[in-house]
Amino acid sequence: PREEDSENWPIGWPLDPSRPQGQVAPALFKMVPVELNDVPLTEVLVAASTASEVPILIDYHPIDQQAIDLSELKVTVPPRTTTWGLLLKQMTFSHKLGRRIATDEAGRPLVLITTLKDSLKEPVVGKPAK
């Protein structure tokens with residue numbers, strides 16, 4: 001179990017504080033027109049990942065621990081222009097979820113969807129030596 005082992009490989013590496021998120025994942029911060037009416041959250045996550053070309057990973061373990069059923073969550077957003085990054089942040093927050101932008105071992109961006117509490121945690125493990 002995850003709780004028993006503090007040496008687990010982290011899901012993504014923390015962003016370099018000297019690089020703005022917009023440089024790491026520019027497509028997540030491009031302005032896009034949005035209008036959603038009771039759309040399943042999982043469909044919006046797939047659409048955001050496809051449009052931004054940034055993988056969106058779901059950390060099911062803590063979500064399941066809080067008894068959140070992703071298949072039941074719906075999203076409604078009135079017509080507006082926003083970024084995928086802000087949209088992901090707002091629509092997850094309203095469902096007690098959070099999103100964290102991180103990078104993989106090769107430095108490519110990814111978005112992790114997890115519980116609100118876990119989204120605020122940054123991996124404490126340093127980036128592996130190459």
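The values are calculated or read from the model by the stated rules, or taken from the named source; none is laboratory data. The structure presented is a predicted model; accordingly, all values stated were derived computationally and were not measured. Because the Cβ atoms are built from the backbone with ideal geometry, glycine has one as well, and the counts that use them run over all protein chains shown. Heavy atoms of the whole protein, side chains included, go into the accessibility calculation; ligands, DNA and RNA do not. Shrake-Rupley method; radii C 1.70, N 1.55, O 1.52, S 1.80 Å.
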- [ ] With a 1.4 Å probe and every protein chain kept in, tell me what percent of the accessible surface of the stretch 18-114 is carbon plus sulfur.
- [x] 54
Open item on the list: Ignoring GluC sites (Glu not before Pro) that are buried or in helix or strand per DSSP, and keeping those with at most 15 other beta carbon atoms within 10 Å, what is the longest stretch of the chain between them?
Closed with: 54-104
Task: Computed log₁₀ I(q)/I(0) - Debye formula, equal Cα scatterers, no solvent, the stretch 48-88, q 0.24, 0.33 Å⁻¹ - done: -1.02, -1.11
Open item on the list: What distance in nm separates the two pseudo spin-label positions at Gln90 and Ile11, each 7 Å out from Cα along the beta-carbon direction?
Closed with: 2.4
Task: Equivalent ellipsoid semi-axes, the stretch 61-117, via Cα gyration tensor eigenvalues times 5, rooted, Å - done: 20, 19, 8
- [ ] Treat each spin label as a single point 7 Å out from the Cα along the C-beta direction, and report the Ile58 to Leu116 distance in nm.
- [x] 2.0
Open item on the list: Under 4 °C and 1.567 mPa s, how fast does the chain diffuse according to Stokes-Einstein, given a Kirkwood radius computed over C-alpha pairs? Answer in µm²/s, whole number.
Closed with: 84
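Determine the alpha carbon to alpha carbon distance for each of Lys89/Lys121; Lys30/Lys96; Lys30/Lys89 and list only those over 18 Å.
On the way: Lys89/Lys121 15 Å; Lys30/Lys96 25 Å; Lys30/Lys89 15 Å.
As for pairs spanning more than 18 Å Cα to Cα, those are Lys30/Lys96.
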Task: Point-to-point label distance, Met31-Ile68, nm (Cα→Cβ direction, 7 Å offset) - done: 3.0
